[in-house]
1. Limited to the range 139-151, what total is found for residues that are in contact with a Phe, Trp or Tyr (Cβ under 7 Å, 6 or more places away or on another chain) and surrounded by fewer than 23 Cβ atoms within 10 Å (Cβ to Cβ)?
2. Which residues, taken from the range 198-208, are exposed (fewer than 13 other Cβ atoms within 10 Å of the Cβ) and closer than 13 Å to PHE131 by Cα?
3. Name the single residue that is surrounded by the fewest Cβ atoms within 10 Å (Cβ to Cβ) among those in the range 162-197 being assigned to a helix (DSSP H, G or I) and polar (S, T, N, Q).
4. I'd like the full set of residues that are among the charged types (D, E, K, R) and either in contact with a Pro (Cβ under 6 Å, 6 or more places away or on another chain) or in contact (Cβ under 8 Å) with a residue 24 or more places away in the chain (or both), limited to the range 108-152.
5. Of the conditions (1) closer than 16 Å to GLU166 by Cα; (2) part of a loop (DSSP other than H, G, I, E, B), TYR64 clears all except one; give me its number.
6. Identify, from the list MET130, MET125, MET96, the residue that is more than 17 Å from VAL58 (Cα to Cα) and assigned to a loop (DSSP other than H, G, I, E, B).
7. Within the range 133-152, how many residues are within 22 Å of VAL38 (Cα to Cα) and assigned to a strand (DSSP E or B)?
Amino acid sequence: MRIWNKSGWMVAAALVMAPVAANAQSAVRDSGLIVSSVEQAIAQPAARIEGFALTVDVSDRALYVMSGERVVRRFPVSVGEDGYPTPQGSFRIRHMIWNPSWTPPASSWARGKKREAPGSPGNPMGRVKMFFQEPDYYIHGSGAISSLGNARSHGCIRMRNEDAVELARLVMVNGGDPRNPQWFQQTVANRTTSRDVVLPRPVQVRIRA
């Protein structure tokens, strides 16, 4: 069952796998879970999805969780700004880091910035990052929620931390590396400790204009 609030976000946690009718497509494309913490995000069910893949629409500023050609989740994202575009094409997520550190890249925009440890308040990577083109491009959590729906990143895909955590769990389940609830609870609780995950089955990511 799906319950919608006035902003069009999906409150219920259940995944609905029925085909999306044409006149219902807009409703699904505006859906996403409402959770207010990463603890709530890891408590949501993460199911296997037939034909699982991710699509990022740069123009829509949205990330879609796909089952074949059907949209089953939509998340608002921030994409690359002018001068730092998000790469387009077909990629795969093979590797992710929970509680990542951040090292400033050798780029003019990062001049003067310092390395940030996992869990540091100044760490722009949030709670998890999923590489779609190593080493420079990834989908990652962010506390800068005002940037969502805009072109504000330096090429990466930013999400709410809570959304990134939910998405990473779906990627792990569908990428062949499910973990038990205790693993996620420990990972979220120990935010200063990084954990690497390498997927047995890489997950497809399509990025389009």
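The values are calculated or read from the model by the stated rules, or taken from the named source; none is laboratory data. Computed from a predicted model, the values in this text were never measured in an experiment. Cβ: placed from backbone, ideal geometry, glycine included. Neighbour counts: every protein chain shown.
1. The qualifying residues number 0.
2. Scanning the range 198-208 gives a single hit, VAL198.
3. By that ranking, first place goes to GLN182.
4. Result: LYS113, ARG127, LYS129, GLU134, ASP136, ARG152.
5. For TYR64, the failing item is (2).
6. Every option except MET125 fails the conditions.
7. 5
Matching residues to (1) exposed (fewer than 15 other Cβ atoms within 10 Å of the Cβ); (2) over 17 Å from the mean Cα position of the chain (by Cα); (3) at pLDDT below 95; (4) farther than 26 Å from TRP183 by Cα:
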residue: SER31; (1), (2), (3), (4): no, no, yes, yes
residue: ASP57; (1), (2), (3), (4): no, no, no, yes
residue: ARG61; (1), (2), (3), (4): no, no, no, yes
residue: SER78; (1), (2), (3), (4): no, no, no, yes
residue: GLU81; (1), (2), (3), (4): no, yes, yes, yes
residue: ALA110; (1), (2), (3), (4): yes, yes, yes, yes
residue: PRO124; (1), (2), (3), (4): no, no, yes, no
residue: VAL128; (1), (2), (3), (4): no, no, no, no
residue: GLU134; (1), (2), (3), (4): yes, no, yes, no
